[in-house]
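Notes to accompany the following structure.
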2 protein chains.
Amino acid sequence: MLTYICLLKHPCMQFEIEKALPVLERTPQVVETMLYGLADEWLHSNEGGDTWTPFDIVAHLIVGERTDWIPRTLIIVGEGNKEFVPFDMKGHIKEGKGKTMSQLLDEFKVLRKENLAQLNTLDITDEVLDRTGFHRMLGTVTLRHLLASWVVHDLTHIHQLSRVMAKQYDEAVGPWKQFMGVLGGKR
Amino acid sequence: MLTYICLLKHPCMQFEIEKALPVLERTPQVVETMLYGLADEWLHSNEGGDTWTPFDIVAHLIVGERTDWIPRTLIIVGEGNKEFVPFDMKGHIKEGKGKTMSQLLDEFKVLRKENLAQLNTLDITDEVLDRTGFHRMLGTVTLRHLLASWVVHDLTHIHQLSRVMAKQYDEAVGPWKQFMGVLGGKR
């Protein structure tokens, strides 16, 4: 099977909306399949200290749906003020309050579906992808950066979920820990 | 929502077969949801050099089903020689030859189902979990270590899949890279 070889640089992939959308569409189901109905110890354990549990992570993904990706897309494609509202990195605490994991998974699924439907109503041409907004910490960013970041943000939290869960078995794996990349091992 | 707090040590979770099985059962669907039908650039790009593509990772998971987890479980619970056959870390190359991603995803699903059915025919008591086998590099290991490692091995490869995919957008995310944990950022 052919492996894409980037002779000049790595990585190869340019942002293309039609290759990004299938990843964005699947994330709620990936997260639901990983978590729905699992024992509380899997869902509510963290990596120690004030790190996040799987429950916190799903609540955070919901906050992103409500306040980040589409609201910022609309700022970029709109005609008004180009400055983004700062993202609340503690918003998941309020978002998760009094809810079950099952409720959060459902909400994330519904919100993502609505947000992608809204994105599909916009005509995302190359010219539109080059339009910009202003992030207080990052400066001027393009719609292309924002939408690629939406994809990578999903992947970053799948990455985090798998790590948080794996760490609960940090001792249970015994000597195999040295082979487990997710536990800092070499494979 | 309660976060499990380990006052004495972190992590908390002891290996219990009934909490491990739901994770093992879901992995083929998690991986399929992440990958099925995606563009070749997502499936056949790696992290540079001789690192693995998503295609390689799924082929490797299949090799694990065929030669690692259940064969070693049977060595531990059986009466014969206790030494494991070494795992072939290049076995995925032969396994993937001439196949499509869709074929690999199907094979992984079928093999995992068969393997968990076989595991369920064994009476995995605490006494059985303490039985041992011999790994040439790791020494004496218990069935408990092996089965916990099966779970963490799944999670390690979900972790790797999300990272390999995210890296394809390493440049596309622009200044957001610094916030993306999976790209080495700080969030």
>> Exactly one condition in (1) within 21 Å of A:His159 (Cα to Cα); (2) at the interface with another protein chain (Cβ under 9 Å from one of its Cβ atoms) is false for A:Lys99; which is it?
In response: (1)
> Taking region A:115-125 only, how many residues are over 15 Å from A:Val23 (Cβ atoms) and surrounded by 12 or more Cβ atoms within 10 Å (Cβ to Cβ)?
Replying inline: 3
> Scanning region A:158-187 for residues that are open to solvent by less than 10 Å² (accessible area, probe 1.4 Å) and more than 7 Å from every other protein chain (Cβ to nearest Cβ), which turns out farthest from B:Gly133 (Cα to Cα)?
Replying inline: A:Leu161
>> I need the full set of residues from region A:72-102 which are surrounded by 14 or more Cβ atoms within 10 Å (Cβ to Cβ) and not hydrophobic (A, V, I, L, M, F, W, C), in order please.
In response: A:Arg72, A:Thr73, A:Lys82, A:Asp88, A:Gly91, A:His92, A:Glu95, A:Gly96, A:Lys99
> From A:Trp69, A:Trp42, which residue is facing another protein chain (nearest Cβ under 8 Å), open to solvent by less than 50 Å² (accessible area, probe 1.4 Å) and not aliphatic (A, V, I, L, M)?
Replying inline: A:Trp42
> What is the residue count in region B:91-122 for residues that are assigned to a loop (DSSP other than H, G, I, E, B), in contact with a helix residue (DSSP H, G or I) (Cβ under 9 Å, 6 or more places away or on another chain) and either within 30 Å of B:Val77 (Cα to Cα) or small (Gly, Ala, Ser) (or both)?
Replying inline: 1
> For residues in region B:156-180 being among the hydrophobic types (A, V, I, L, M, F, W, C) and part of a helix (DSSP H, G or I), which is nearest to A:Leu143 (Cα to Cα)?
Replying inline: B:Trp176
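With the requirement that a residue be among the basic types (Lys, Arg) and either part of a helix (DSSP H, G or I) or surrounded by 22 or more Cβ atoms within 10 Å (Cβ to Cβ) (or both), what does region B:134-155 give you?
From region B:134-155, those among the basic types (Lys, Arg) are B:136, B:144; that's our starting set.
Answer for region B:134-155, where residues must be among the basic types (Lys, Arg) and either part of a helix (DSSP H, G or I) or surrounded by 22 or more Cβ atoms within 10 Å (Cβ to Cβ) (or both): just B:Arg144.
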>> Being open to solvent by 20 Å² or more (accessible area, probe 1.4 Å) and not aliphatic (A, V, I, L, M) is the filter here; which residues of region B:103-114 pass it?
In response: B:Gln103, B:Asp106, B:Glu107, B:Lys109, B:Lys113, B:Glu114
>> Under 8 Å between Cβ atoms, which residue pairs at least 6 apart in sequence (or on different chains) link something in region B:91-112 that is within 16 Å of B:Val30 (Cβ to Cβ) with a partner that is open to solvent by 80 Å² or more (accessible area, probe 1.4 Å) and part of a helix (DSSP H, G or I)?
In response: B:Lys109/B:Gln29; B:Leu111/B:Arg66; B:Arg112/B:Glu25
> Considering B:Thr121, B:Thr132, which residue is within 13 Å of another protein chain (Cβ to nearest Cβ) and hydroxyl-bearing (Ser, Thr, Tyr)?
Replying inline: B:Thr132
> Just to be sure, is A:Phe15 at pLDDT 95 or above, open to solvent by less than 40 Å² (accessible area, probe 1.4 Å) and not in a helix (DSSP H, G or I)?
Replying inline: yes
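The values are calculated or read from the model by the stated rules, or taken from the named source; none is laboratory data. Owing to the predicted nature of the structure, the values given are computational and were not obtained by experimental measurement. Cβ coordinates were reconstructed from backbone atoms using ideal geometry, including for glycine residues, and neighbour counts include every protein chain displayed. Heavy atoms of the whole protein, side chains included, go into the accessibility calculation; ligands, DNA and RNA do not. Shrake-Rupley method; radii C 1.70, N 1.55, O 1.52, S 1.80 Å.
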